[in-house]
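In what follows, a single structure is set out as structure tokens and then discussed.
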Amino acid sequence: MTDIIRTEALKKSYANGKPVLDGIDIRIGAGERIALIGSNGAGKSTLLKCLIGHTPFCSGEVATLGETFRASPNKTQLQRIRQRVGFVFQNHGLVRRQSVLTNVVHGKLGLSDGWGAWHQAIVRQEIREQAMEALAQVKLTAKANSRADELSGGQAQRVAIARALIRKPALMIADEPAASLDPTAGREVMEVFSDLVRMQGITLVFTTHDMDHAVNFADRVIALKGGRVCFDLPASEVRRNEVDGVFHA
Amino acid sequence: MSSMHDRLLPGRVRSVPAATFAILVALAALFIVSVGQVSPSPSQLVGGLPRMYGLLERMMPPSIETGFLTRVMWRTVETLQIAFVGTVFGVLLSLPIAWFASRTLTPFGPLRHVFKMLISLFRTVPDMVWALIFVASIGLGPVAGTMTILIDTIGFCGRFFAEAIEDSDKQPQEALFTSGASRFSVLTGAVIPDIMPSMINTSQFALEKAVRSSVVLGLVGAGGIGQELKVAFDLFQYKNASTIILVIFVLVLAMEAVTDRLRAKAQ
Ligand SMILES: Nc1ncnc2c1ncn2[C@@H]1O[C@H](COP(=O)(O)OP(=O)(O)OP(=O)(O)O)[C@@H](O)[C@H]1O
Ligand SMILES: [Mg+2]
């Protein structure tokens, strides 16, 4: 099994001193779905940023999608990583006054075939069709013409997923994708998300505070505590007392 | 007992720091000296009022001679053309300049201040001065007027567009930057759609402003109805002048009525 992500003795602290990540060693294989858990400030978001080269780390080594770097990737590496990664955040980050279709087309921006992906009306027909396909995958074709600010939170997040899917990423990075949704919408989004990545063989790394999501929608759960990996277990083997250990002193 | 309260009683006037007091005295002195130099003396007022009345009398009734009215009509059309063309080009040029000047999206780093200063220069130098400059460089006529409106519009829209770009919704911008989109792509894909309503509003104000100033640009020879007004005063044709003043009055009122309607609709 090839590693999509590998870190060795990854250490990171911000300017104010105290280490946030204090020697992280993880390996993530192709097609795995990983839930990253840990209390507020445990360093989950920071770890995601280090993996994709969005924040420099202090020591250790990271290899993402075959690009190996220390501290931070060089420009070419960063460009190569970005080309093959899809991102989803807690806030959907859709352009409110634009149609759903245009927002999905935006996913092509920054890719070599993304010319004109500012708006669905000017982009190549092929990309418009890919966008509809991505919308079909998140079950939102009916909303293609709606404005993004007319959507519910759950629908908006699914559009954000479609925007990431149209990139045909090898790796999907999602930072608390369900955190601002109600329980039903959150579950729905996670279901759509994890089914899609499994069917398409995309590697998924997502953070969550919801243990149900971690156990149900990931193959493996990695817990961070005090800057280290507290446990790294198949989802089916995660037990209550271990989870309690992550969140209590 | 009462003497203790007396000590706590605040004075009627709060004491003023010495520096503030000095500035107040200086301002008062400056005012008195200036009044003597620039305000009308009683004899000027007494002598001027009858002459003002005489002028008004010579302006009445406004001229309605057909040849003159036709000329005024074409000059009015020219005024609106200057305002319209100048505003459209000004708005179009404002966009890239505002982008280059914006703190959040400029491709030029600290050099963005050059564009900010350019916008400030365009805004702070009065339109009549720009008109003089363009009349001197490209010659008398409406082209100088159009250039003046264009520059004035960049000064106005450039500033507000840049602020709108800086204040626009950051989340979609971050989402697109994260996946490697260029600044230009983020501007076109996320920022412009977001600030479109405020841009339309600003442009409408720019057009209003342009009509107002294109009316008087002719006074320095930059085309439009103002040119006709200057001719009328220069040749002592006061009845023509009053017609033109009435036309200007109606023109600006009509424009305000139209733009108010548009704004009400946009709400
Ligand atoms: N840009 C930054 N500059 C300085 N300190 C930061 C920065 N970002 C995060 N931190 C600090 O690093 C620590 C880890 O933050 P991080 O956001 O990675 O945690 P998290 O596990 O994602 O938390 P949450 O569950 O609240 O999202 C926190 O103590 C935070 O204050
Ligand atoms: Mg976080």
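No lab work stands behind these numbers, since they all come straight from the coordinates. Note that the structure is a prediction, hence the values are computed from the model and not measured. Neighbour counts are summed over all protein chains in view; Cβ atoms, including those assigned to glycine, are modelled from backbone coordinates with ideal geometry.
Structure summary
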| read-out | value |
| --- | --- |
| Among the listed pairs A:Lys11/A:Lys75; A:Lys49/A:Lys143; A:Lys18/A:Lys49; A:Lys49/A:Lys168; A:Lys75/A:Lys108; A:Lys12/A:Lys108, those beyond 29 Å (Cα-Cα) | A:Lys49/A:Lys143; A:Lys12/A:Lys108 |
| Simple Cβ-charge dipole of the protein assembly as shown, Lys/Arg +1 and Asp/Glu -1, about Cα centre, in debye nearest 20 | 700 debye |
| FRET efficiency estimate (nearest 0.05) - Cβ-Cβ, A:Asn241 to B:Ser198, R0 56 angstrom | 0.50 |
| Chain B: relative contact order as a whole-number percent, Cα under 8 Å and 6+ apart | 25 percent |
| Ranked packing of B:215-225, A:99-109, most packed first, by mean Cβ within 10 Å | A:99-109, B:215-225 |
| Under-5 Å amide H pairs with A:Val88, H placed in peptide plane, nonlocal only | A:Ile173, A:Ala174, A:Asp175 |
| Amide H contacts under 5 Å for A:Gly23, placed H, 5+ residues apart | A:Leu10, A:Lys11, A:Lys12 |
| If the convex hull is drawn through the Cα atoms of region B:195-266, its volume per residue in Å³ | 62 Å³ |
| Projected-area average for the protein assembly as shown over all orientations - Cα convex hull basis, square nanometres | 42.4 nm² |
| Pairwise FRET efficiency - B:Tyr53 versus B:Ala29, Cβ, R0 = 41 Å, nearest 0.05 | 0.65 |
| The protein assembly as shown - share of DSSP beta bridges that are antiparallel (%, nearest 5) | 60 percent |
| All-pairs alpha carbon distance profile, region B:64-266, 5 Å steps from 0, percent | 1, 8, 14, 16, 16, 13, 10, 8, 5, 4, 2, 1, 1, 0 |
| Using θ = phi - 60° and Karplus 6.51 cos²θ - 1.76 cosθ + 1.60, couplings along region A:11-16 (whole Hz; Gly, Pro as x) | 10, 8, 9, 7, 3, 6 |
| Fraction of antiparallel bridges per DSSP, chain A only, in percent to nearest 5 | 60 percent |
| Vicinal HN-Hα couplings computed from phi for region B:31-41 (Karplus, 6.51 cos²θ - 1.76 cosθ + 1.60; Hz; Gly/Pro x) | 4, 5, 4, 5, 4, x, 8, 10, 8, x, 7 |
| Sequence-distant residues sharing a close amide H with A:Leu224 (under 5 Å, placed H) | A:Ile37, A:Gly38, A:Cys230 |
| Vicinal HN-Hα couplings computed from phi for region B:127-138 (Karplus, 6.51 cos²θ - 1.76 cosθ + 1.60; Hz; Gly/Pro x) | 4, 4, 5, 4, 4, 4, 4, 6, 5, 5, 8, 9 |
